[in-house]
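Just below is one structure, and these are the notes that go with it.
The values are calculated or read from the model by the stated rules, or taken from the named source; none is laboratory data. All figures in this text were calculated on a predicted structure; none of them were measured in a lab. Note that we place each Cβ from the backbone using ideal geometry, even for glycine, and neighbour counts take in every protein chain shown. Surface areas here come from the heavy atoms of the whole protein model, side chains and all, with no ligands, DNA or RNA. Shrake-Rupley method; radii C 1.70, N 1.55, O 1.52, S 1.80 Å.
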Amino acid sequence: MKNKMIRKLQINPAPSIDVLIPTVRISKPRGIQGRGVVNSGKKKFNVLPKLKFNSSGLIPAIIQDKKSKKVLMLAYMNRESLKLTLKEKRTCFYSRSRKVLWRKGETSGNIQKIKEIYYDCDNDTLLIKVEQTGPACHTGEKSCFYRKIA
């Protein structure tokens, strides 16, 4: 859809380790007005309260290779894992089966360095562009989406 607006999060370094919710820079398309969207291009504010987490406190995160544009994987984040992702500039997710936080590559070494984070027009899905080290899939495939249906 042409009119679907996607907002970009640019990660700013946290002023101190004690910051609970990192401040992020949001890039909005220029020239769009209304519903809190200003014509200034960039505005600094805390976007985490605007994000819509599901009833389990999770938000889906689509992980995409910044260079190749290939979708690597889909995982879920809770507020804590998103804050850690912003702070550490590498992906951290919430495991729905194990009920714990996990950092991509903590055992395999196949880390994902954050380049950009976007959230969709409904505020309920993240798109995270990364620099991937090694394969993204636990099977050893570059992407978790290596099986084709049609």
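Observations on the model:
- Scanning the range 86-96 for any residue that is hydroxyl-bearing (Ser, Thr, Tyr), closer than 22 Å to GLU131 by Cα, in a strand (DSSP E or B) and at pLDDT 70 or above turns up at least one such residue.
- Filter pass, LYS43 being surrounded by 12 or more Cβ atoms within 10 Å (Cβ to Cβ), in contact with a strand residue (DSSP E or B) (Cβ under 7 Å, 6 or more places away or on another chain), of a type in the set (D, E, K, R) and at pLDDT below 95: yes
- Top-ranked residue of the range 104-116 - restricted to ones that are at pLDDT below 95 and within 18 Å of GLU80 (Cβ to Cβ), ranked as most open to solvent (accessible area, probe 1.4 Å): GLU106
- The one condition in (1) free of Cβ contacts under 8 Å to residues at least 60 places away in the same chain; (2) open to solvent by 90 Å² or more (accessible area, probe 1.4 Å) that LYS142 fails to fulfil: (1)
- Within the range 69-79, one or more residues are β-branched (Val, Ile, Thr), open to solvent by 50 Å² or more (accessible area, probe 1.4 Å) and either under 17 Å from CYS144 (Cα atoms) or part of a strand (DSSP E or B) (or both).
- Hits in the range 101-121 (condition: basic (Lys, Arg) and either in a loop (DSSP other than H, G, I, E, B) or out of contact with any strand residue (DSSP E or B) (no Cβ under 9 Å at 6 or more places or on another chain) (or both)): LYS104
- Among the residues of the range 122-139, those identified as assigned to a loop (DSSP other than H, G, I, E, B) and open to solvent by 50 Å² or more (accessible area, probe 1.4 Å) are ASP122, ASP124, THR133, HIS138, THR139.
- Subset of the range 48-62 (residues that are of a type in the set (S, T, N, Q) and either in contact (Cβ under 8 Å) with a residue 40 or more places away in the chain or on the phi > 0 side of the Ramachandran plot (or both)): ASN54, SER56
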